[in-house]
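The block underneath contains the structure these notes are about, expressed in structure tokens.
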Amino acid sequence: MKNPDFAADKALAKDFLSNFADPRGEPKYLNILQDVANRKIRAVQIELDDLFHYKDVDEEFLQRVTENTRRYIGIFSEAMDELMPEPTEAYTVDEDRDILMTQRVDEGADGGADGTDPLQRMPPEIKRFFEVYIKAFSKVTPLPIRQVKASNIGQLVKISGIVTRCSDVKPLMQVAVYTCEECGFEIYQEVTARVFMPLFECPSQRCKLNKAKGNLILQLRASKFLKFQEVKLQELAEHVPKGHIPRSLTVHLRGELTRKVAPGDVVEMSGIFLPMPYYGFRAMRAGLVADTYLEAMSVTHFKKKYEEYELKGDEQEQIDRLAEDGDIYSKLARSLAPEIFGHEDVKKALLLLLVGAPHRKLGDGMKIRGDLHICLMGDPGVAKSQLLKHIINVAPRGVYTTGRGSSGVGLTAAVQKDPITSEFVLEGGALVLADMGICAIDEFDKMEESDRTAIHEVMEQQTVSIAKAGITTSLNARTAILAAANPAWGRYDMRRTPAENINLPPALLSRFDLLWLILDRADMESDLEMARHVVHVHQNLESPALGFTPLEPSVLRAYISGARRVIPSVPRELEEYIATAYSSIRQEEAKSNAPTSYTTIRTLLSILRISIALARLRFSETVAQSDVDEALRLMQMSKYSLYSDDRQRSGLDAISDIYSILRDEAARTTSMDVRYAHALNLISRKGYSESQLKECLEEYASLNVWQIHPNTFDIHFIDA
């Protein structure tokens with residue numbers, strides 16, 4: 001490869017910045033530079049995609065930019081200095097740097113600085129009020145961290161990973177400015193590394209001529225600093241080979257890229273891979289070994305937060321179209337984990353968990369949470385963990401942990417020593433990382449009792465209070481908790497009371513908005529359907545036809561982000577209806593010998609939260625009575641598997657049960673006729689006899705619900 005001609009490359013960069021036009025035909029980079037001159041933005045991002053499509057740029061130039069990125073950032077910066085237009089809008093000159101710059105330019109014009117001395121010349125960095133970043137190709141697949149090797153040093157690389165730690169944003173010196181006590185000149189020293197050696201003696205020509213060792217004073221106010229943040233990026237679980245542990249890489253974020261990421265974010269970063277020698281005592285220990293880091297050039301989030309979601313034109317149209325669909329509630333619910341058979345009401349509850357209700361803050365500072373908490377309790381093999389994993393994939397911010405692998409400290413916050421400053425710092429646990437998101441805890445029943453108490457405060461107050469190692473503070477944990485647990489004896493034992501089976505303290509149970517009992521009952525018909533479904537998924541790697549195309553997770557996220565912007569209110573006429581419904585639930589529980597739930601005033605708040613979440617799904621500003629009815633139905637259905645079993649064992653009201661089986665079958669086949677042989681087959685699977693079927697037919701025929709054929713006993717429903 002021939003020696004690069006940097007002057008020619010600078011001319012090419014200048015030509016590109018001047019003439020590159022976006023799809024609308026406007027000069028893209030000249031418009032950006034005008035915004036920079038007007039102090040609207042501070043960062044200029046040059047995209048390699050644009051360079052690739054520019055007519056005068058050849059492949060060799062592109063290769064030089066990707067393989068020697070740091071040098072070419074300097075070349076593009078110099079080209080921008082020359083092309084920088086005059087400001088077209090007035091801006092306030094209140095920054096110290098602007099005042100100092102005006103003074104320096106005036107002094108330079110008066111001939112105050114000795115032009116022959118290179119140290120007295122103002123470096124271009126101090127004049128710049130913008131930063132230049134080169135963004136990698138958008139189509140290039142990001143590399144796993146362990147594939148970034150020595151051959152990539154100095155090059156632009158693109159990697160993906162999860163952020164595990166972020167330092168505070170600190171000022172990093174870029175140009176140090178000194179004033180000489182003897183000759184009064186300003187001396188500039190450019191700083192390129194993390195550490196630098198300050199100047200002590202004035203190196204100017206005048207001091208050398210006078211043989212005066214002028215004492216230099218570092219002027220912090222006149223020096224230029226950059227925002228600097230250090231981030232630890234860890235390999236994604238899917239990129240780790242068998243038997244290995246995830247690797248991590250240090251990433252340096254500068255200027256406008258700081259504060260873009262938080263621990264727990266899954267991101268894609270492009271940057272320059274560089275070596276960094278150790279300094280001081282660490283260098284004595286490390287010897288010739290150097291560390292590597294990535295100097296970030298761009299940061300892209302895989303999943304945006306709901307608040308940051310910006311809907312594109314076609315997405316907005318799609319959401320408006322979906323919102324007008326009358327059956328959107330069940331369609332969205334069935335699009336959650338379509339590979340999992342049944343559990344329609346459970347999926348509806350999980351959809352409402354994703355939508356949530358708005359947080360309420362009263363005038364005196366008291367807060368009422370809006371997040372829903374759901375606990376799925378059931379027999380082994382009812383796809384609880386799969387549902388948890390799927391919800392974490394759909395949610396923009398989700399953390400998945402298991403009960404046995406989580407300690408109280410791991411869930412809340414730990415006190416650790418910061419490797420950079422050696423101070424004690426707080427490191428957030430799973431619940432803090434899931435702030436404004438969802439924390440899924442599997443094997444909830446296997447947790448130690450002492451660790452489970454850490455969750456109590458988070459579930460109601462939504463904060464984590466810490467008093468350790470001299471640190472007394474409160475961290476936000478506004479998270480929705482989705483827990484999965486097995487009953488006390490592994491499987492639900494019908495001979496014992498629900499309280500004995502559930503085996504969770506009432507203080508914790510009352511905090512869950514919905515406790516869903518999913519029992520695995522032998523039922524020939526549903527078992528056959530489920531077996532067919534599972535075999536189909538296993539063979540074809542997709543769910544059987546649902547009658548509509550399931551929505552993609554990205555569309556679900558976009559819809560939910562739109563729904564979360566709505567803040568519905570409960571109308572006055574519904575207040576009495578909700579209060580009456582709550583008091584009747586309390587009365588029923590008081591009369592029951594073995595209550596299946598603990599109804600407290602928190603249950604009333606749960607009804608309100610679920611109703612508001614349902615109104616949000618409809619993009620409605622007010623809660624309707626149908627929302628409250630659906631909220632009450634979900635609460636009833638969460639214990640349905642218990643009631644249905646009780647009814648069957650006691651033999652109570654077999655007639656009504658047979659009628660509901662036949663009615664459901666007629667509704668399923670959208671036919672008004674059910675053949676007698678088919679009806680007998682249906683009810684015998686549920687454990688009922690032919691004599692009970694005949695009794696049911698006679699009773700409902702007398703009520704004019706259906707007509708019975710005199711010879712074949714076939715059933716014809718009368719359309720009311």
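Which whole-number value in Å² is the accessible area per residue of the range 440-495, probe 1.4 Å? Present the calculation step by step, with values, prior to reporting the outcome.
Values: 2420 Å² over 56 residues.
For the range 440-495, the per-residue accessible area is 43 Å².
Calculate the translational D of the range 10-64 in whole µm² s⁻¹ from Stokes-Einstein, where the hydrodynamic radius comes from the Kirkwood formula applied to all Cα pairs, the temperature is 4 °C and the viscosity 1.567 mPa s. All intermediate terms of the calculation are to be shown ahead of the outcome.
On the way: Rh = 12.0 Å.
D = 108 µm²/s.
Determine by what factor the alpha-carbon radius of gyration of the range 139-302 differs from 2.2 N^0.38 Å, reporting the quotient.
On the way: Rg = 20.5 Å, N = 164, 2.2 N^0.38 = 15.3 Å.
For the range 139-302, the normalised Cα radius of gyration is 1.34.
Sticking with the crude label model, points 7 Å out along Cα→Cβ, report the distance from residue 3 to residue 212 in nm, one decimal please.
According to this spin-label approximation, the distance is 4.3 nm.
In square angstrom, what is the accessible area per residue of the range 139-302 with a 1.4 angstrom probe? Spell out each step's value before the answer.
On the way: 9040 Å² over 164 residues.
Using a 1.4 Å probe on heavy atoms only, each residue of the range 139-302 averages 55 Å².
Helix-only estimate, please: 222 nm mean residue ellipticity of the chain, summing -39500 (n - 2.57) across DSSP H runs of length 4 or more and dividing by its residues, to the nearest 500. The partial results should precede the final answer.
Numbers: 27 runs with 285 residues, N = 720.
The helix-only estimate for the chain comes to -12000 deg cm²/dmol at 222 nm.
For the range 505-550, just list the percent of Cα-Cα distances falling in each 10 Å bin from zero outward, please.
20, 29, 26, 21, 4
With a 10 Å radius around each residue's Cβ, average the other Cβ atoms per peptide and rank 33-43, 429-439, 393-403, 518-528, highest first. Show your work: numbers first, answer last.
On the way: 33-43: 15.8, 429-439: 23.5, 393-403: 19.8, 518-528: 13.4.
Those peptides, ordered most packed to least, come out 429-439, 393-403, 33-43, 518-528.
Can you tell me the Rg and Dmax of the range 654-717, counting just the alpha carbons, in angstroms?
Calculated on Cα positions, Rg and Dmax stand at 10.4, 27 Å.
Return the Cα extents of the range 533-634 along principal axes one, two and three, sorted largest first, each rounded to a whole Å.
50, 38, 20
Report the full-extension gain for the segment residue 244 to residue 125: residue separation times 0.36 nm, less the Cα-Cα distance, to one decimal in nm. Write out the running numbers ahead of the final one.
Values: separation 119, 0.36 × 119 = 42.84 nm, distance 4.39 nm.
My answer for the length gained is 38.5 nm.
Could you give the size of the charge dipole of the range 654-717 about its Cα centre, using +1 on the Cβ of each K and R and -1 on the Cβ of each D and E, expressed in debye and rounded to the nearest 20? Don't skip to the answer; put the middle values down first.
Details: 6 positive and 9 negative charges, 40 e Å.
The calculated dipole for the range 654-717 is roughly 180 debye.
Can you pull out the trypsin sites (Lys or Arg not before Pro) in the range 1-38 that DSSP calls coil and that have at most 12 other Cβ atoms within 10 Å?
On the way: sites: 2, 10, 14, 24, 28; in loops: 2, 24.
Here the sparse-neighbourhood loop sites are 2, 24.
What are the lysines whose alpha-carbon lies under 20 Å from the alpha-carbon of residue 55, with same-chain residues fewer than 8 places away excluded?
10, 14, 28, 135, 139
Over the range 318-406, how many percent of alpha carbon pairs lie in each 10 Å bin up to the one with the longest distance?
Calculated P(r), rounded to whole percents: 13, 39, 31, 14, 3.
What are the lysines whose alpha-carbon lies under 25 Å from the alpha-carbon of residue 331, with same-chain residues fewer than 8 places away excluded?
Partners within reach: 303, 304, 305, 312, 347, 348, 384, 389, 639.
May I ask for log10 I(q)/I(0) of the range 363-464 at q = 0.25 Å⁻¹, from a Debye sum over the Cα atoms as equal point scatterers with solvent left out?
-1.44
Could you tell me what percent of the accessible area of the chain is made up of carbon and sulfur, with a 1.4 Å probe and every protein chain present? Please list the in-between numbers first.
Details: 19750 of 37890 Å².
Its accessible area is 52 percent carbon and sulfur atoms.
For the range 404-512, what class follows from the C-alpha gyration tensor (a ≥ b ≥ c being the square roots of its eigenvalues): rounded when a/c is under 1.5, otherwise prolate if a/b is larger than b/c, else oblate?
On the way: a/c = 2.69, a/b = 2.35, b/c = 1.14.
Here the range 404-512 falls in the prolate category.
Over the residues of the chain, compute the C-alpha Rg and express it relative to 2.2 N^0.38 Å.
Here the answer is 1.26, to two decimals.
Counting other Cβ atoms within 10 Å, keep those with at most 16, restrict to DSSP loop, and tell me which chymotrypsin sites (Phe, Trp or Tyr not before Pro) in the range 180-252 are left.
Working: sites: 185, 188, 196, 200, 225, 228; in loops: 185, 196, 200.
In loop regions of the range 180-252 (DSSP not H, G, I, E or B), the sparsely surrounded chymotrypsin sites (Phe, Trp or Tyr not before Pro) are 196, 200.
The values are calculated or read from the model by the stated rules, or taken from the named source; none is laboratory data. Predicted, not measured: the structure shown is a model, and the values here were computed from it. Note that we place each Cβ from the backbone using ideal geometry, even for glycine, and neighbour counts take in every protein chain shown. Ligands, DNA and RNA are excluded from the accessible area calculation, which covers all protein heavy atoms including side chains. Shrake-Rupley method; radii C 1.70, N 1.55, O 1.52, S 1.80 Å.
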